[in-house]
1. Got at least one residue in region B:272-283 being open to solvent by 10 Å² or more (accessible area, probe 1.4 Å), in contact with a helix residue (DSSP H, G or I) (Cβ under 8 Å, 6 or more places away or on another chain) and free of Cβ contacts under 8 Å to residues at least 24 places away in the same chain?
2. For B:T378, which of the numbered conditions (1) touching a strand residue (DSSP E or B) at 6+ places or on another chain (Cβ under 7 Å); (2) in a helix (DSSP H, G or I) fails to hold?
3. Scan region B:284-299 residue by residue and report those that are part of a loop (DSSP other than H, G, I, E, B) and surrounded by 18 or more Cβ atoms within 10 Å (Cβ to Cβ).
4. Would you check if A:Q137 is without any contact (Cβ under 8 Å) to a residue 40 or more places away in the chain, surrounded by 12 or more Cβ atoms within 10 Å (Cβ to Cβ) and within 13 Å of another protein chain (Cβ to nearest Cβ)?
5. If only one of A:I155, A:I130 is over 25 Å from A:F90 (Cα atoms), crowded, with 18+ Cβ neighbours inside 10 Å and within 12 Å of another protein chain (Cβ to nearest Cβ), which one is it?
6. Scan region A:41-62 residue by residue and report those that are under 17 Å from the mean Cα position of the chain (by Cα), without any contact (Cβ under 8 Å) to a residue 12 or more places away in the chain and in a helix (DSSP H, G or I).
7. Residue under question is B:A191, and the condition is that it be of a type in the set (G, A, S), open to solvent by less than 10 Å² (accessible area, probe 1.4 Å), under 26 Å from B:D256 (Cβ atoms) and touching a residue at least 24 places away in the same chain (Cβ under 8 Å); does it hold?
Amino acid sequence: MGSRASTLLREEEIEEIKKETGFSHSQITRLYSRFTSLDKGENGTLSREDFQRIPELAINPLGDRIINAFFPEGEDQVNFRGFMRTLAHFRPIEDNEKNKDPIASEPLNSRSNKLLFAFRLYDLDRDDKISRDELLQVLRMMVGVNISDEQLGSIADRTIQEADQNGDNSISFNEFIKVLEKVDVEQKMSIRFLH
Amino acid sequence: YNDVMCCVNLLSAWDFFSWATHRIERGAKDNNHLLYKPYSNGDGSNRDLDHASEFEMSDIFYFCRQGVESIMDDEVTKRFSAEELESWNLLTRSNYNFQHISLRLTVLWGLGVVIRYGFLLPLRVTLAFTGVGLLVVLTSIIGFLPNGRMKNFLSEQVHLMCYRICVRALTAIITYHDSENKPKNGGICVANHTSPIDVIILASDGCYAMVGQIHGGLMGVIQKSMVKACPHIWFERSEVKDRHLVAKRLSDHVEDKTKLPILIFPEGTCINNTSVMMFKKGSFEIGSTVYPVAIKYDPRFGDAFWNSSQFGMVNYLLRMMSSWAIVCSVWYLPPMTREEGEDAVQFANRVKAAIARQGGLVDLLWDGGLKRGKVKDTFKEEQQKLYSKMLVGTQEDRSRS
């Protein structure tokens, strides 16, 4: 039997996810389809192995960091809500959202939240600071064995020097935002997906 | 293998290069005051693409987006499960997103079930048993004849007849195109692989020497009796790993022009008929003429893809026999041979591209082995190398300036 997940997505759940993430109805059902096809254990959650089975992700130098972003602190399984919440960061920012009510809670795909997602890729121990060590480790992931420790060290030093404003030799989230203020984050961290 | 890796990385590198070029150009603009003045040309332009860009914290965005894009949808994992249909064909097995819509549809579906399971299935199973039984009995009888033209002729007739009965047993409606290109003796026929039924479809229109591993049980019985009537190439399990032995037996067979063309599926595993994945180079090293064949199933009447991790063989055959029909098209492509200066891998890719084009399938460089195994680390290392190259250039400038 073509075994799609035994629990089909209910309308109420779709509405809740729509409100939380801003995805459209068809996007949510499409991604649910994708979620269930990745869920080999058919228990309604994804493990890290399920993600690593995607070849294009497995060859991404930062694949493990990206997979990690889906899992809340200390947990090994992510359910569909969590999956959608993380993917929501990459929803493009629509024009009509830019002038939304400022009192309403910030959408998951705001510029600030996109930056926070990227910041957390660097911040390995989740202490809200990117230390020199953490920066080195992430750089090492991106370049593999092709650059020497000294060269990498000097790249890290230069980067921290340029970003660090309060002299604590690490980059806080605000310093991170400042460094990237000229970068078109909205475009680089958005994925156009269905409608 | 290096070429395949190169190709794969060309594809991902293309994205990377367009991003990297953009970065380099931007980097050159930002840094012209320190790094590039000594290298600026006389006409004042200081854009030098040989000098790579420096690391920026925003570099992570590129990898991040690639990664999440592949999580949302990727080209490979969807090849290992049955294709999704746009509209329902009244088979619950194809029912992914279609829920209860109307009473009339459910009644239609119920009627379909009765017809398929009550009428079609028993008829087909009977035919299947007849076909297989006749194959075993008749080929064993022919085995007693002395080798010669009579034996070959009878063997061909028996094989064709039995396969055609099996085709009826599946209600396979096959359209053969370009039969003038049918494989000849001494050649190797290669085709894309979707299911074990591929064999029956091709063998009911022509005589081939099969290649495969000896199985136990019913399959083993069939294999042993087939080989009595005409030479097929069956390997013991232990022999399969020995690539030289396999290659030797295959080349010995093709050199003997009285023997039938060999039928091989170079993908090595069943793919869901929306794409053609990497062809293993073994069959392309042998040096005989290759006859490519493209097989495309129409999934609306019954999806022929065998997802071996989901169902075993018997279950699969039952599903096939309880679908509406198996509808497919077979194209015999013009024969191809390895050209001067082309190695086995390039030749394999050329054949694969021809088959993909004819069948309207996506031509992928990924290995079908990814169905079960992990992707090699070397691909990730290639990506890392590309990125490093972009950064390293900067460091060399620094030491010089």
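1. no
2. Against the list (1) touching a strand residue (DSSP E or B) at 6+ places or on another chain (Cβ under 7 Å); (2) in a helix (DSSP H, G or I), B:T378 comes up short only on (1).
3. First pass over region B:284-299, keeping only residues part of a loop (DSSP other than H, G, I, E, B): B:285-289, B:299.
Across region B:284-299, the qualifying residues are B:I286, B:S288, B:P299.
4. The answer is yes for A:Q137.
5. Working: A:I130 fails: over 25 Å from A:F90 (Cα atoms).
A:I155 is the lone residue from the list that is over 25 Å from A:F90 (Cα atoms), crowded, with 18+ Cβ neighbours inside 10 Å and within 12 Å of another protein chain (Cβ to nearest Cβ).
6. A:E56, A:L57, A:A58 - these are the residues of region A:41-62 that are under 17 Å from the mean Cα position of the chain (by Cα), without any contact (Cβ under 8 Å) to a residue 12 or more places away in the chain and in a helix (DSSP H, G or I).
7. Working: of a type in the set (G, A, S): yes; open to solvent by less than 10 Å² (accessible area, probe 1.4 Å): yes; under 26 Å from B:D256 (Cβ atoms): yes; touching a residue at least 24 places away in the same chain (Cβ under 8 Å): yes.
Considered against the rule, which asks whether it is of a type in the set (G, A, S), open to solvent by less than 10 Å² (accessible area, probe 1.4 Å), under 26 Å from B:D256 (Cβ atoms) and touching a residue at least 24 places away in the same chain (Cβ under 8 Å), B:A191 comes out as yes.
Quick grid of which residues meet (1) in a helix (DSSP H, G or I); (2) free of Cβ contacts under 8 Å to residues at least 40 places away in the same chain:
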site	(1), (2)
B:N307	no, no
B:F311	no, yes
B:N315	yes, yes
B:L318	yes, no
B:V327	no, no
B:V330	no, no
B:G341	no, yes
B:A353	yes, yes
B:R357	yes, yes
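The values are calculated or read from the model by the stated rules, or taken from the named source; none is laboratory data. Owing to the predicted nature of the structure, the values given are computational and were not obtained by experimental measurement. We place every Cβ from the backbone using ideal geometry, glycine too, and count neighbours over all the protein chains shown. Areas reflect the complete protein model, heavy atoms only, side chains present, ligands, DNA and RNA absent. Shrake-Rupley method; radii C 1.70, N 1.55, O 1.52, S 1.80 Å.
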